[in-house]
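Read the structure below first, then the notes.
We did not get these values from a lab; they are worked out from the coordinates using the rules stated. This structure is a prediction, so every number in the text was calculated from the model and none was measured. In this analysis, Cβ positions are derived from the backbone assuming ideal geometry, glycine residues included, and neighbour counts consider all displayed protein chains.
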Amino acid sequence: MATEVSKAQVDRLGERLRKGNISDDDLRLLDSYRRSFSEVYEFVAGAIRKELALEPTGRPAKSTTSIADKLRRESIRLTQIQDIAGCRLIVADIAEQDSVVESLKTLFEHTTVIDRREKPSHGYRAVHVVVKYGGKLIEVQVRTALQHLWAELSEKVSDVTTPAIKYGGGNEGIQKWLLELSLTIAEEELDEAELEKEQMRDNLTNDEKDEISKKQETLISFRQELSETFVLSIEILEELKGESDDISD
C-alpha cells in the first residue's frame with residue numbers, strides 16, 4: 001500500500017487544490033493519497049466478484065482534475081470525498097437494483113446508502129453504496145440499465161457543451177431536456193415496481209394475470225424504445241464531439 005499521510009495533511013492539501021495553489025510537492029502528495037486507496041478498492045471489487053458473482057467496472061483512483069473540481073463545487077474536505085476510488089454495477093431493473101443494494105449491505109460491515117432515485121442530482125438517478133474498509137471510503141454505484149444510459153448521455157452532452165451541464169449549469173434548454181428524460185425513466189421504473197408488487201399478490205385471477213402480462217409487454221416495449229433513443233442520441237453526440245475535436249486539431 002502507498003505511504004499513508006495524515007488526515008490533517010490531506011485536508012490542507014485539499015484547501016490548496018480548491019484555491020489552485022499547488023506545487024510539484026502537492027501533486028506528489030495527492031498521488032500518494034490517491035494510490036493509498038488501491039488495495040482497499042481491489043478488496044471491495046474482489047469481494048463483489050467472488051461473493052455476488054457480479055462484475056464491477058471502475059477506477060482505483062479519481063483523477064486530479066476531478067478531485068479539484070469537486071472540492072470547488074462542494075463545501076467538503078478532501079478526506080470527506082467518498083468516491084476517490086469507486087466501481088459501478090449495471091443491473092436490469094429496479095427490482096434487481098434493490099436486491100443488489102441489500103446484498104452489498106450484507107456483504108460489507110460498514111456501509112452508507114445514498115439513494116438518488118427519489119431525489120436525483122440534476123437528473124442523475126442511481127443508488128450509491130459507500131463502503132468503509134481499512135479507514136478508506138469506496139463508492140459502489142448501482143445503476144439500472146436506463147439510469148446508466150441517462151448518465152452516459154449526460155456525460156456526452158457535457159463533453160460537447162460544458163461540464164457544468166452535469167451540475168445544473170449550462171444551457172437551460174438542454175438542462176430541461178435531460179431532466180424530462182430522467183423523469184420519463186423514473187415514471188417507467190415506478191410503473192415497473194408497481195407491476196412487480198401486483199404480480200406478487202396472492203390469489204390472482206386468470207384475468208388479472210393476463211392484464212399484468214399485457215402491462216409487462218407494454219413496459220418492455222417502451223423500455224426498449226427508450227433505450228434505443230438513448231443509444232442513438234449518444235452516438236450522435238459522439239460524432240459531434242469527434243467533429244469538434246477534428247476542428248480544434
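Points to keep in mind about this one:
- Potential extension, ILE220-GLU208 segment - 0.36 nm per residue separation minus Cα distance: 2.5 nm
- Among the trypsin sites (Lys or Arg not before Pro) in segment 167-226, those placed in a DSSP loop whose Cβ has at most 11 other Cβ atoms within 10 Å are ARG201.
- Summarising the overall dimensions of the chain from its C-alpha atoms, the Rg and Dmax are 20.9, 72 angstrom.
- Selection among PHE37, ASN21, THR64 by position relative to the dipole of segment 12-95 gives ASN21 as farthest towards the positive end (Cβ unit charges, Cα centre).
- At q = 0.29 Å⁻¹, base-10 log of I(q)/I(0) for segment 175-226 (Debye sum, equal scatterers on each alpha carbon): -1.10
- With Rh defined as the Kirkwood radius, the inverse of the mean 1/r over Cα pairs, the Rg/Rh of segment 140-249 is 1.14.
- Each Lys and Arg adds +1 at its Cβ and each Asp and Glu adds -1 at its Cβ; summed about the Cα centre, the chain shows a dipole of about 1640 debye.
- Here the convex hull built on the C-alpha positions of segment 54-141 has a volume of 113 cubic angstrom per residue.
- Ellipsoid semi-axes in whole angstrom, largest first, where each is sqrt(5λ) of the Cα gyration tensor of segment 16-97: 30, 16, 8
- Structure-based [θ]222 nm, the chain - -39500 (n - 2.57) summed over DSSP H runs of at least 4, per residue, nearest 500: -20500 deg cm²/dmol
- Among the trypsin sites (Lys or Arg not before Pro) in segment 10-60, none sits in a DSSP loop with a Cβ that has at most 12 other Cβ atoms within 10 Å.
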